[in-house]
1. Conditions: (1) among the hydrophobic types (A, V, I, L, M, F, W, C); (2) over 22 Å from residue 319 (Cβ atoms); (3) in a helix (DSSP H, G or I). Residue 261 meets all but one. Number of the miss?
2. Residue 357 fails exactly one of the following numbered conditions: (1) under 27 Å from residue 4 (Cα atoms); (2) surrounded by fewer than 14 Cβ atoms within 10 Å (Cβ to Cβ). What is the number of that condition?
3. How many of the residues making up the range 21-51 are in a helix (DSSP H, G or I), over 22 Å from residue 373 (Cβ atoms) and at pLDDT below 95?
4. Taking only the range 241-266 into account, find how many residues are more than 17 Å from residue 306 (Cα to Cα) and either loosely packed, with under 14 Cβ neighbours inside 10 Å or touching a residue at least 24 places away in the same chain (Cβ under 8 Å) (or both).
5. Given the residues 68, 18, which is the only one that is within 19 Å of residue 128 (Cα to Cα), charged (D, E, K, R) and assigned to a loop (DSSP other than H, G, I, E, B)?
6. When the range 252-272 is examined, which residues are found to be at pLDDT below 95 and among the small types (Gly, Ala, Ser)?
7. Name the residues in the range 331-384 that are among the β-branched types (Val, Ile, Thr) and part of a helix (DSSP H, G or I), would you?
8. Determine which member of the set 210, 240, 271, 249 is more than 26 Å from residue 149 (Cα to Cα) and in contact with a helix residue (DSSP H, G or I) (Cβ under 9 Å, 6 or more places away or on another chain).
Amino acid sequence: MQKKKTPLNGLKVLELARVLAGPWAGQLLADLGAEVIKVESPMGDETRDWGTNLKNKEDSPYFKCTNRGKVSLVANFNKKIDLETLRYLAQRADIIIENFKVGTLRKYGLDYGSLVEENPGLIYCSITGFGQTGPLADLPGYDFVIQAMAGIMDVTGETMGPPIKPGVAYADLFTSLYSVVAIQAALIAKIETGKGTFIDMSLFDTQLAVLANQASSFLLSGITPKRMGNSHPSIVPYQVFEVKDGMIVIACGNDNQFEALCDAFNWNFSVDARFSTNQTRVKNRKELIDKMSKHLKVLEKREIILALEKAKVPVGSVNSVKQALNHPQALSREMVKSIKGESFVRTPIIYEDFDLNYGVGPPKLGTSTKTIQKRISLNQIWGK
């Protein structure tokens, strides 16, 4: 069977980014087939040191989860020869991803304005905490701070408890995904115009955008959303329930599903006027949840899940990371793959007519520096 091509085969990406938001975008482009050169300082991306009991800079799970498929080029911005190397690559790149503070790269001639005349087709994606404009534009931005400032923590956590951040860096990750969407849209536009563009991505903007229904609720009602634990502000039942051997989630998105839930356990709640519609269930939330909890806490997860899956009611166990990665569905979909004996979670995209590129693991620091410099001296890399 002939090997399928990757969708972004041949695209050249220069990644001037570190930590998560920029590198995750670069990794996704690499998975899609682009050639990604990751530029690091002589000390390396700081996430190479993030972790416990690390033997060396190649062992960090954090770095490994976001730098697959790239090569590493070490560059000291204060050395003329290294800057010449970076400008050479920048003038020939299809895409640049950077997450320096606003204005930092201008003094090195690596900003969009300095490069676009020589490389008019360049798509330049700048990822910062607060964007290129506004009163906070000059400030650095880390995911945790952005989550706090942009409202998501205030609606996450138990009703009477403190604000809680999600278990992963959502502001960074969402910004990465929006960045790749913006880059791919710019690639399509470039087919018609022949020109690239500058993309201004902000963690703060992105976190506000993905407040989704919480933001919409406030904008339409003027009422500030509050923390509700694992309950949903406008759907009932849609939450975690404690059962005999752990925790499950039941999520009834409509009245038909609620009726099916009740039928599965021979409950009469769906014919009770207090609970017959979602609006009345929201109004009488506590009464219904108390009744459901009383019935569910004596049942085991397996019998609940089997009954509700048969009834086509959304249900799932609250799994640990270990349980999730070893779930039969995850195994069937081959979500965990391996490169040279090291496991990773694949990008969740499956094409019928394309492959993704999982041939190379995360790079060791600077291992491609000499090769890239030699190829530049021979004019054998990223020809125009």
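1. (2)
2. Here residue 357 clears every test but (2).
3. Of the range 21-51, the ones in a helix (DSSP H, G or I) are 21-31, 46-49.
So of that shortlist, the ones also over 22 Å from residue 373 (Cβ atoms) come out as 21-25, 27-29, 31, 46-47, 49.
If we keep only those that are at pLDDT below 95 too, we end up with 46-47, 49.
Matching residues across the range 21-51 total 3.
4. Final tally of qualifying residues: 3.
5. Result of the check over 68, 18: 18.
6. Answer for the range 252-272, where residues must be at pLDDT below 95 and among the small types (Gly, Ala, Ser): 253, 270.
7. Kept after step one, since they are among the β-branched types (Val, Ile, Thr), are these residues of the range 331-384: 336, 339, 345, 347, 349-350, 360, 367, 369, 371-372, 376, 381.
The answer is 369, 371, 372, 376.
8. Details: 210 fails: more than 26 Å from residue 149 (Cα to Cα); 240 fails: in contact with a helix residue (DSSP H, G or I) (Cβ under 9 Å, 6 or more places away or on another chain); 249 fails: in contact with a helix residue (DSSP H, G or I) (Cβ under 9 Å, 6 or more places away or on another chain).
It is 271.
The values are calculated or read from the model by the stated rules, or taken from the named source; none is laboratory data. Computed from a predicted model, the values in this text were never measured in an experiment. Glycine also receives a Cβ, built like all others from the backbone with ideal geometry; neighbour counts cover every protein chain displayed.
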